[in-house]
Amino acid sequence: MNNLDSPEEDRDDLPEMAPEESVPDEEHVKRQRSKVFGFWRGIQTVLGTAFLVATIFTLWTPGSMIESSLEARMAAALEAASSIGPAAQEISQDLNQESSSNKIGVVAGHYGSDSGAVCSNGLTEVEMNLKIATLVQKDLTDRGYEVDLLEEFDDRLMGYRGAVLVSIHLDSCEYVNDQATGFKVAAALSAQNVAANQRLINCLSERYETITGLPYHSGSVTDDMTYYHAFAEIDPSTVAAIIEAGFLNRDYVFITEETDRIAEGIVAGILCFLNNEPIHPAQSP
């Protein structure tokens, strides 16, 4: 029995055990995550509320407290936002119409395409057409109109919109007969506004004859004039006409020496139409 160690000695010889590390349980982790999530949700709520309050105070100005309630102010803003599309479209249409009413197209016949009629001395129809058209453009521009000087097959003719368009040409250099003198005017047969096109013809005919003294050459309007290509290209709302301003044979001297009177007669006809001036034609075309 004396050889047996005492219980105290046995306990002293045992190796010491390291204390067990505490392992957080699942419930504890959930509580921690909930605290973090709740903190950020609180921050978001505060920021959102601050933004909403700032927006309301921006609308609710001192002036609005006098003039109307906050509800009325917000309703007006919503109504304005809903109507801005149609309103902008109406403004755009009004501006287009106003621009078109002040816009005039002048085509210099054969310009940019070919020479047109060629006289024995080398004078070409296209150079006289361009000279007349340039004088017309300058006169109307000086009067405050927007004037486009166009080539015969100008790309701008496609869908062209304006108050009026006039194409200027001259007749043959060849001798036809003693009666081959004077001018003629035509408009599209299939024009959208027949009455307006007829009025333009009447204005051009009366004013041109009065100013130049050249007679209206009745009965010689050709299909090339009536079915003039530009009539089918321009916008249907544009009133248009073509004028053969004289014969390069019998009227040669007048055309080359009094070109400014030819331009003046065309300008007067255009202004007669645009200003709705009275017409007293000496001879109905």
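All of the numbers you see were taken from the coordinates with simple rules; none came from a lab. Note that this is a predicted model, so its numbers are computed, not measured. Methodologically, a virtual Cβ is constructed for each residue, glycine included, from the backbone with ideal geometry; neighbour enumeration extends over all protein chains shown.
Annotations
- When S172, S115, S205 are arranged by Cβ crowding within 10 Å, least crowded first, meaning fewest neighbours, the order is S115, S172, S205.
- As a proxy for reagent exposure, ranking E244, E209 by other Cβ atoms within 10 Å from fewest up yields E209, E244.
- Ordered by the number of other Cβ atoms lying within 10 Å of each residue's own Cβ, fewest first, C119, C272, C203 fall into the sequence C119, C272, C203.
- For the pair N276 and E174, a Förster radius of 35 Å applied to the C-beta separation gives a FRET efficiency near 0.35, rounded to the nearest 0.05.
- Residues T134 and A232, FRET efficiency given R0 of 25 Å [Cβ-Cβ distance, rounded to 0.05]: 0.45
- Relative contact order [Cα under 8 Å, 6+ residues apart], segment 103-274, whole percent: 31
- Backbone amide hydrogens, once placed in the peptide plane, bring G182 within less than 5 Å of F247, excluding anything fewer than 5 places away on its chain.
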